[in-house]
Amino acid sequence: MAKGRVPTRDELLAFIREATTPVGKREIARAFGLKGDQRIELKQLLRDLRDSGDIAADRAKTFKDPRALTDITVLEITRVDDDGHLLAVPRRHDADTDGPPPRIEIDPHGGPGGSRGGPAPAVGDRVLASLKRRGKNSYQARIIRRLGSGPRKILGHYEEPNGRAGLGLVTPTDRKLRRVFDVRPADRNGALPGDIVWIEETGAALSRRARVLERIGPMSDPRTVSLISIAANDIPVDFPQAALDEAERARAAPLGERLDLRRLPLVTIDGEDARDFDDAVFAEPDDHAANEGGWRLIVAIADVAWYVRPDRPLDRAAYRRGTSVYFPDRVVPMLPEALSNHWCSLLPREDRPVLAAEMWIDAAGHLKRHRFHRAMIRSAARLTYTRLQRAADGTPDAELAPLMDDVVRPLYGAYRVLLAAREKRGALDIDLPERQVTLGDDGRIAGIGVRERLDSHKLIEEFMVLANVAAAQALEHRRAPCLYRVHDQPDPAKIEGLREFLGTLGVALPPGPRLRPGDLNHVLRAVADKPVARLVNETTLRSQSQAVYSPDNLGHFGLALPRYAHFTSPIRRFPDLIVHRALIAAHGLGDGGLAEADKGRFAEFGEHLSMCERRAVAAERSAMDRYVAAYMAAHVGATFPGRITSVTRFGLFVALDGSGADGLIPVRSLGQEFFRHDEARQMLVGERTGETFGLGDRLLVKLDEADAATGGLLFEVIDVVERVERQAPPRGARTRGPRRPVAHRGPVRDKRSRRRR
C-alpha cells in the first residue's frame with residue numbers, strides 16, 4: 001500500500017472490502033497517510049463509491065462492503081471441507097445477484113453443540129449465528145441457537161403400483177439411497193406415473209412419507225435423461241435476466257490498438273457438431289537464421305474478457321457455473337448464447353477480437369520465446385477434425401485444397417515437432433477409448449461406440465498445451481498472480497497398490513514412492529499388445545492424483561511440465577477467463593483486466609472452480625451412464641462379451657466390448673459359498689472351490705436389469721471365456737471376504753471344462 005497518495009478507486013474499494021469491520025474516513029486517511037487537500041479528494045472518492053452502490057455508509061459515517069453480512073444472521077450448514085470444518089451459507093443468498101457465497105466457518109468451540117455440550121451441529125442444520133468477519137468474503141460464525149434441520153430434497157422416479165391404496169411410490173435416482181418413499185394423493189403435486197420428481201421427506205427420521213416438490217419430466221422422454229443429471233448435481237441452468245440483458249447489449253469490439261491479424265490464415269478446428277469456436281491456430285517455419293528448423297505458431301483465443309467484466313451480472317453468473325457442461329443432447333453453457341455462439345465465437349470470415357499467444361519453438365520443440373497480443377482476426381475457414389485429417393492424408397476437399405501449402409502442411413509440420421518433444425519429456429500416455437453416444441432425430445440413442453482418435457485431435461491438443469505453458473510462463477515472468485492447472489505426484493499409497501497389482505501380472509514398476517510419468521509409460525508400452533492393456537491403463541489412471549486449480553504451482557505430473565495454466569477456452573471454463581484477465585493486466589493490454597480486488601482471491605477461485613469442474617464431470621458421467629442404460633433396456637436378457645474392470649467385496653464391475661457399457665455382477669450371483677476378496681491380486685476367490693474372478697478376466701454375461709433412472713446395469717455371469725494369468729500375491733498382502741455367505745441361482749463353470757446348466 002503506497003503511503004502519502006490518494007488511493008485509486010480500485011485500491012480504496014479493495015481496502016474497504018478487506019476490512020474486517022466498517023471503517024471511517026479517519027481510519028482510511030491514516031492507513032494511506034493522507035493529509036490536507038488529499039483528505040478532500042478522499043471524501044469525494046468515498047461519495048462517488050457510495051452513490052454508485054459499491055460501498056455502503058451508516059449513520060456513524062463508516063463504510064463497508066454492501067454485500068457484507070449483518071452481525072447476526074440465519075445460516076444453513078452445507079458441507080464439511082477437507083480439513084473437517086463445518087461450512088455454512090446465508091439462508092437467503094442468491095448467487096446470481098449477490099455473487100458467490102462467502103466462506104462461513106462454524107466455530108467448533110462456541111455455542112450449542114460446541115464445548116457446552118448438546119447435539120453437535122451437522123450438515124443440513126439451520127442456525128442463528130453471530131458473525132465475525134475475517135477478510136473479504138470470509139467469516140467465522142458462533143452458533144447462538146439451532147433452528148432445526150431443513151427438509152432433505154431427493155430426486156426420484158415416481159410410480160403408482162397397483163394394490164397400494166392410492167399411495168404413490170418414489171424410488172431415488174441415486175443408487176446409494178436404498179429407501180423408497182410413499183406419496184399420498186394430496187402430496188403428488190401433479191406428478192404422473194413415470195415422472196422424475198423432486199421430493200422432500202415429511203415424516204420422522206424413519207418414516208417413508210414424502211411429498212412431491214417439482215416435476216422434472218417424464219422418463220419416457222429421452223430429454224429427461226440429461227435433466228436428471230442436471231438436477232441431481234445442482235447444475236445452474238437459467239441465467240438471471242440481468243446477465244441475459246448484458247449479453248444482448250454486446251456489440252462488435254473495435255480494432256482500436258489491437259494487433260491486426262486479419263490477413264493471416266488462422267483456422268478453427270473442431271468436431272462436426274461444435275457450435276462455438278473459441279480457438280484458431282496458425283503455423284509457419286521460423287525464418288530467423290538462428291532458429292533453423294524452428295516454427296512460429298499463433299494460438300488465438302476468443303477475447304471473452306472484453307465482454308465479461310469483473311463483478312458484473314455476466315461475470316457472477318459465469319463464475320457460479322464455473323464451466324460449460326456437455327451432454328449427448330444438449331449443452332449447459334457457461335455464457336449466454338449471444339456471446340458463446342456469436343460475439344465470442346470465431347466464425348469464419350467474421351472479424352473477432354482475440355487474445356493471441358505468438359510463440360516460437362526450436363527444431364526440438366522447445367518453447368524459445370512468446371508474446372501475448374490483444375488482436376483482431378478473421379478466421380479463414382471452419383475446419384473439422386475429420387476433414388483436416390483427410391486433407392493431411394492426401395484427399396483434401398474443395399475448401400481445403402487451396403489451403404494445403406499455407407495452412408495444412410505447416411500445421412502438421414509444427415505438430416510433429418511438438419509431438420516429438422512430448423514423447424522426449426515423457427508425458428503420461430494413457431490410452432483409453434472414449435464412449436460416444438449417437439442420437440436419432442427423436443432424441444433417442446441410435447448407437448453407442450468409441451470416439452475416433454485422429455492426429456488432427458492430437459495436433460490441436462499440442463498447440464493448446466504449448467499456449468497454456470506460455471501463459472503460465474508469462475504471468476510468472478511479470479510476477480503476476482496465476483491460477484495454475486496443477487496435477488500433483490500420485491499418492492505413494494496408490495502407487496504401492498498399483499505396484500502390487502502389476503506384480504501379480506508379472507509387470508515390474510521401479511521401486512520408490514516418487515515416479516516419473518516415463519516410468520508409467522514404460523509399463524503401458526510393455527502391455528500394449530496384451531489382453532490386459534486396457535485394464536492396466538485404467539488401473540494406472542485410477543492411481544493418479546486429481547488435477548485441480550490452484551495459485552500454488554505444483555507442476556503437472558501427467559504432462560511432465562513444471563508449470564501449466566488453462567488459457568485456451570474462456571468461453572467454457574472460468575479459470576481460463578481469470579488467466580486472460582491476469583495477462584491483460586500484467587501486460588497492460590487495455591480494459592477488462594484483473595480487478596485489484598480479485599488479486600487476493602486466487603485460493604478461493606481455485607477451490608470453487610475445482611468444485612465446479614468435479615460437479616460437471618459427475619453430471620456428464622452420470623448422464624452417459626443413464627443414456628447407456630436407456631439404450632440397453634431394450635436388450636435385457638441378451639448376452640454380451642465383456643471384461644472385469646473392478647473387483648469389490650460386494651461384486652464385480654464389467655465393461656462390455658464395443659459399447660463400453662458397464663455394470664455390476666453382484667457377488668450373490670457367483671456361487672453357493674464364501675467369496676474372499678483378495679485385494680492384492682484384485683480377485684474374488686471361492687473358499688470351497690477355489691474358483692476365481694479377477695480384474696481383466698473375460699466373461700460372457702447376461703443383462704438382467706437396466707434402469708435408465710439410476711443409470712444402473714446388473715449382469716449375471718454365463719461363462720468365463722479367459723482368465724488373466726496372475727502370480728502369487730506379495731507376502732503380507734491384504735485379503736478379506738464378504739460378511740456372510742451368498743446364495744447363487746446356479747453354478748458357474750469355466751468354458752474350458754463344464755458349461756453352465
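The values are calculated or read from the model by the stated rules, or taken from the named source; none is laboratory data. Everything numeric in this text was worked out from a predicted model, so none of it was measured. Every residue, glycine as well, gets a Cβ built from its backbone with ideal geometry; the counts of neighbours run over all protein chains shown. These area figures cover heavy atoms from the full protein model, side chains too; ligands, DNA and RNA do not enter into them. Shrake-Rupley method; radii C 1.70, N 1.55, O 1.52, S 1.80 Å.
A few notes on this one:
- Magnitude of the charge dipole for region 146-302, about its Cα centre and with charges confined to Cβ atoms of Lys, Arg (+1) and Asp, Glu (-1), is about 1440 debye.
- Once the chain from Lys176 to Ala420 is taken as fully extended at 0.36 nm per residue, the excess over their C-alpha distance is 83.3 nm.
- Peptides 668-676, 242-250, ordered by how many other C-beta atoms sit within 10 Å of their residues on average, highest first, read 668-676, 242-250.
- Debye equation applied to the C-alpha atoms of region 137-196, log10 I(q)/I(0) at 0.27, 0.28 Å⁻¹: -1.21, -1.26
- Rounded to the nearest whole Hz, the Karplus-based 3J(HN,Hα) values (6.51 cos²θ - 1.76 cosθ + 1.60, θ = phi - 60°) of region 668-675 follow the sequence 5, 9, 9, x, 8, 6, 6, 10, with x at glycine and proline.
- Accessible surface area normalised per residue over the chain is 48 Å², counting heavy atoms of protein chains with a 1.4 Å rolling probe.
- Qualifying aspartates and glutamates (Cα of each under 15 Å from Cα of Lys25; at least 8 residues distant if same chain): Glu11, Asp37, Glu41, Asp48, Asp58, Asp65
- At an R0 of 22 angstrom, the distance between the Cβ atoms of Thr70 and Arg145 translates into a FRET efficiency of 0.90.
- 25 Å Cα-Cα threshold exceeded, pairs from Lys61/Lys132; Lys368/Lys458; Lys43/Lys132; Lys35/Lys599: Lys43/Lys132; Lys35/Lys599
- Working ranking of peptides 649-655, 4-10 by packing, defined as the average number of other Cβ atoms within 10 Å per residue, highest first, is 649-655, 4-10.
- Residue list for region 6-20, given a label point 7 angstrom along the Cα-to-Cβ vector of Gln38 and an amide N cut-off under 11 Å: 6-7
- Building the convex hull from the alpha-carbon atoms of region 239-318 and averaging its projection over directions returns 8.3 nm².
- Values of log10 I(q)/I(0) for the chain across q = 0.10, 0.12 Å⁻¹ run -1.27, -1.58, by the Debye formula with one identical scatterer at each alpha carbon and no solvent.
- Highest mean packing comes first when the peptides 699-706, 279-286, 569-576 are listed by Cβ atoms within 10 Å, giving 569-576, 279-286, 699-706.
- Kyte-Doolittle mean at least -1.0 and Cα axial length at least 27 Å: DSSP H helices in the chain: 455-477, 602-632
- Using C-alpha pairs under 8 Å with a sequence gap of at least 6, the mean separation divided by the residue count of the chain gives a relative contact order of 9 percent.
- Fraction of accessible area attributable to carbon and sulfur, region 336-400 (%, probe 1.4 Å): 48 percent
- Distance from the Cα centroid of region 223-263 to that of region 314-331 is 8 Å (rounded to whole angstrom).
- Taking 22 Å as the straight-line reach from the Cα of Lys702, the lysines in range (excluding those fewer than 8 positions away in the same chain) are Lys751.
- Rounded to the nearest 20, the Cβ-based charge dipole of the chain about its Cα centre (Lys and Arg +1, Asp and Glu -1) stands at 2700 debye.
- With every protein chain in place, region 592-659: carbon and sulfur % of accessible area (1.4 Å): 56 percent
- Once you reduce region 437-479 and region 624-695 to the center of their Cα atoms, the two points are 32 Å from each other.
- Separation in nanometres of the label points that stand 7 Å from Cα toward Cβ, at Leu347 and Lys530: 5.4 nm
- About the Cα centre, charge dipole magnitude for region 450-599 (Lys/Arg +1, Asp/Glu -1 at Cβ), debye: 140 debye
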